[in-house]
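S.K.: One structure is given below, represented as structure tokens, and several questions about it will come after.
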Amino acid sequence: MKEENKEIAPADLVEMDFLEKVMVRLPRDVDVLEALGDLYTRVGRYEDGLKVDQKLTTLEPDDMTIWYNLACSLAVLNRREPALQALRHAIKLGYSDYEWMSRDRDLDSLRNDREFKTLLKRIANPVTKSAPDF
């Protein structure tokens, strides 16, 4: 999907301007970056959202949700292999929301991919380690 050239609502422009200014002052603030990345994606500025998600993975490398969001940003931009790689990493870190992943529109470009289906099955049927019998 290409960057959307849709009109951005005035309220979104005000919020974006505010968050961008806060980000300049607090470039490592995860909450600010997450809000800005979400806003960029919501208004169709996918490349900007991707840059924020990439920065977040360096700040919070063990956060499964951040890696999931990176996978979504990459998938929206039709970057199949990096999206799958980020998704694999999110699952490795513990991401397991089958219901959301199975219907998340950001992942539509991956829906028919064999590996995506395998990853989806993996979180639908997680392998559990049973306690040893005593």
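S.K.: Any residue that is surrounded by fewer than 19 Cβ atoms within 10 Å (Cβ to Cβ), over 14 Å from the mean Cα position of the chain (by Cα) and under 26 Å from Pro126 (Cα atoms) - is there at least one of those in segment 40-61?
M.R.: no
S.K.: Could you identify the single residue in Asp104, Asp97, Asp133 that is surrounded by fewer than 17 Cβ atoms within 10 Å (Cβ to Cβ) and at pLDDT below 95?
M.R.: Result of the check over Asp104, Asp97, Asp133: Asp133.
S.K.: Of all residues in segment 81-104 being of a type in the set (D, E, K, R) and assigned to a loop (DSSP other than H, G, I, E, B), which is nearest to Asp38 (Cα to Cα)?
M.R.: Ranking the candidates gives Asp104 first.
S.K.: Which residue pairs have Cβ atoms under 6 Å apart, sit 6 or more places apart or on different chains, and have a first residue in segment 49-75 that is over 14 Å from Asp38 (Cβ atoms) and a second that is of a type in the set (S, T, N, Q) and part of a helix (DSSP H, G or I)?
M.R.: Pairs that qualify, where the first residue is over 14 Å from Asp38 (Cβ atoms) and the partner is of a type in the set (S, T, N, Q) and part of a helix (DSSP H, G or I), are Ala75/Ser109.
S.K.: Would you check if there is a residue in segment 64-80 being part of a helix (DSSP H, G or I), loosely packed, with under 11 Cβ neighbours inside 10 Å and either in contact with a strand residue (DSSP E or B) (Cβ under 9 Å, 6 or more places away or on another chain) or modelled with pLDDT of 95 or more (or both)?
M.R.: Taking every residue of segment 64-80 in turn, none turns out to be part of a helix (DSSP H, G or I), loosely packed, with under 11 Cβ neighbours inside 10 Å and either in contact with a strand residue (DSSP E or B) (Cβ under 9 Å, 6 or more places away or on another chain) or modelled with pLDDT of 95 or more (or both).
The values are calculated or read from the model by the stated rules, or taken from the named source; none is laboratory data. The model shown is predicted, which means the values in this text are computed figures rather than measured ones. For neighbour counting, all protein chains shown are included, and Cβ atoms are generated from backbone atoms with ideal geometry for every residue, glycine included.
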